[in-house]
1. Any idea how far apart Val176 and Tyr100 come out in nm if each label point goes 7 Å out from Cα toward Cβ?
2. Which whole-number value in Å³ per residue fits the convex hull of the alpha carbons of the chain?
3. According to the Cα gyration tensor, what semi-axes, each the square root of 5 times an eigenvalue, does the equivalent ellipsoid of region 22-73 have, listed from largest to smallest in whole Å?
4. Is it possible to state the helix-based mean residue ellipticity at 222 nm for the chain, with each DSSP H run of 4+ residues giving -39500 (n - 2.57), the sum divided by total residues, to the nearest 500 deg cm²/dmol? What is it?
5. Using only alpha carbon pairs under 8 Å that are at least six residues apart, calculate the relative contact order of region 7-251 and give it in whole percent.
6. Take peptides 227-233, 130-136, 20-26 and line them up by average Cβ neighbours within 10 Å, highest first, as a rough protection proxy.
7. Roughly how many Å is it from the Cα centre of region 1-69 to that of region 97-150, as a whole number?
8. Set the bar at 26 Å for Cα to Cα. Now go through Lys56/Lys223; Lys56/Lys110; Lys56/Lys168; Lys223/Lys260; Lys32/Lys212 and name every pair that lies beyond it.
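Since every read-out is calculated from the coordinates, none of them should be taken as a lab result. The structure presented is a predicted model; accordingly, all values stated were derived computationally and were not measured. So basically every Cβ, Gly included, is an ideal-geometry build from the backbone, and we count neighbours across all protein chains shown.
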Amino acid sequence: MLDLVGTSSLVTGGASGLGEAAARQLAARGAKVVVADLNEEKGIKVAGDIGGEFVKVNVTSTEDLIAAIGIAEGLGTFRTTVAAAGIGAASRTVGRDGQYESAFPLDYFKQVIDINLVGVFNTVRLAATAISRTEAFDADNQKGAIVTLASIAAFDGQIGQAAYSASKGGIVGMTVPIARDLAAAGIRLNCVAPGLIDTPIYGEGEASEAFKDSLKRDVVFPKRLGTADELASMILELLTNTYANGETVRLDGAARLQPK
């Protein structure tokens, strides 16, 4: 197992939701965590709570990521990264009025791909470069591990999720080839595809609770939304289990999404 005590970690999207939960569990296991996010207020709070550092990062910016990785390297041996930054998206491919102008905005599609897919690859390529410079910690020449976050929308995306599903499908699709690439550097890479996880993205209040309750229809068992801590637990297992590599793990209560 990879012992996280005395190591450092980078978590993109670490200021809230799934990234925050992963950052908190990494810190609880002894890692010094760099919380990389665009949300300064929340990021600073999370970093303060866990004894880490906050860095404002746009994952499409190579300079931002290199700066964040440099701070992580100063906190301990840089062993792990969680690429959790991403945005949601919803728009039908063709508008109801049959006009070209109402088709899915191409710039919006490109933005989703740029952040969710290119941003994840940017994070992986730079973090892996830094991890590759560390000394191996076991007889297998292992140096560290990375976990990316996709979504079950990669497999059964709903109406309006063309861009989001494409971005998450891309993350799934590059998991095995990147894991094969990184073997020579002593780095493992895995992907988690979360299902319906209860995070702040759904909002708060009576209407939000009613909406979340309606989502349970697609979940087989347990008949509820997952928790961020359950998702973070899977991330930690994939980071620390030294035989987990090249895998995409659905964490979804056996949910299969309906068209809408």
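1. With each label point 7 Å from Cα toward Cβ, the separation is 4.0 nm.
2. Per-residue hull volume (Cα only) is 127 Å³.
3. Equivalent-ellipsoid dimensions as semi-axes: 18, 13, 8 Å.
4. On the way: 10 runs with 104 residues, N = 260.
Rounded to the nearest 500, the figure is -12000 deg cm²/dmol.
5. Result for region 7-251 is 19 percent.
6. 20-26, 227-233, 130-136
7. When both Cα centres are located, 16 Å separates them.
8. Check vs 26 Å cut-off fails for Lys56/Lys223; Lys32/Lys212.
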